[in-house]
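Structure first, then comments.
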Amino acid sequence: MLSPMAGYTDSAFRSLCMDNHCGMTYTEVITARGLVHGSKLSQHMLDKTKSEKPIAAHIYGSEPEVMAEAARQIESLNRYDTIDINCGCPVRKIVAKGAGAALMHKPQTIAEIVKAIRGSVSLPVTVKTRLGPTPDNKNISEIAQAVQESGASAIAIHARFTSAKHSGPADWDSLAQIKSELSIP
């Protein structure tokens, strides 16, 4: 599985990975608001080749209705297998918009986003998140339960905290604990 990575997982790179037996790919992180407002850049990020299958459209935002509309637009393209919601990106410009890792402080909003998208599309809806904002605020159990109860098909958990960004040791024991608490993959 090729994770969503801004600036890296464009169509050419995803195709290369699929040609080398990658099981699934994700788009770069795409702003839901940009899609809804017709941003050419956001729409361009949805370009894909026929060989990119299965593939998830990885979107971010903080407003359930905007996220649902973006998901409807993506589904109407008939190119994607899954809608994936970003609830863990620590990048400042995404967090400043109340999206990505900022949503980890609001599990109820995550649940509302999942429900809104699930009610708007027939594609599976998944969530990508982290263990929590900081080691002192490890709220992944609450987030994971909200994700599951709101109808998501699966959750992907980055085994680090937002405060660690992309470095430091991963906490595999916490992943095992969360997996034991959930019925979704």
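FYI, it's all coordinate maths here, none of it is from the lab. Treat the numbers as computed from the prediction; the structure is a model and nothing was measured. Here the Cβ positions follow ideal geometry from the backbone for every residue, glycine too, while neighbour counts run over all protein chains shown.
Any number yet on Rg/Rh for the range 1-112, C-alpha, Kirkwood?
0.96
Any idea what the relative contact order of the chain is, in percent, if you count C-alpha pairs under 8 Å spaced at least 6 apart?
It comes to 16 percent, rounded to a whole number.
Pulled fully out, how much extra length does the chain show between SER39 and SER180, if you take 0.36 nm times their separation in residues and subtract their Cα-Cα distance?
46.7 nm
If each DSSP helix of 4+ residues adds -39,500 (n - 2.57) and the sum is divided by the residues in the chain, what number results at 222 nm, nearest 500 deg cm²/dmol?
Only helices count here, giving -10000 deg cm²/dmol.
Highest mean first, how do 19-25, 102-108, 55-61, 134-140 rank when packing is the count of other Cβ atoms within 10 Å averaged over residues?
55-61, 102-108, 134-140, 19-25
Quick one: work out the % antiparallel among DSSP beta bridges in the chain, nearest 5.
5
Figure the gain on full extension for GLU149 and MET5 (residue separation times 0.36 nm, minus the Cα-Cα span) and round it to one decimal in nm.
49.1 nm
Collect residues whose amide H, placed 1.01 Å from N in the peptide plane, falls under 5 Å from the amide H of ARG130; neighbours closer than 5 in sequence don't count.
Those lying under 5 Å, H to H, from ARG130 are HIS158.
Sorted by packing (mean other beta-carbon atoms within 10 Å per residue), highest first, where do 153-161, 93-101 land?
The densest-packed peptide leads the list: 153-161, 93-101.
Trypsin sites (Lys or Arg not before Pro), restricted to the range 18-54: which are DSSP loop and have at most 11 other Cβ atoms within 10 Å?
Of the trypsin sites (Lys or Arg not before Pro), the ones in loops of the range 18-54 whose Cβ has at most 11 other Cβ atoms within 10 Å are LYS50.
Can you name the helices of the chain, as whole DSSP H runs, whose Cα span along the helix axis is 15 Å or more and whose Kyte-Doolittle mean is not below 0.0?
Correct list, ordered by number: 107-118.
7 Å from Cα along Cα→Cβ at both LYS106 and ALA170: what's the point-to-point distance in nm?
Computed distance between label sites LYS106 and ALA170 equals 2.9 nm.
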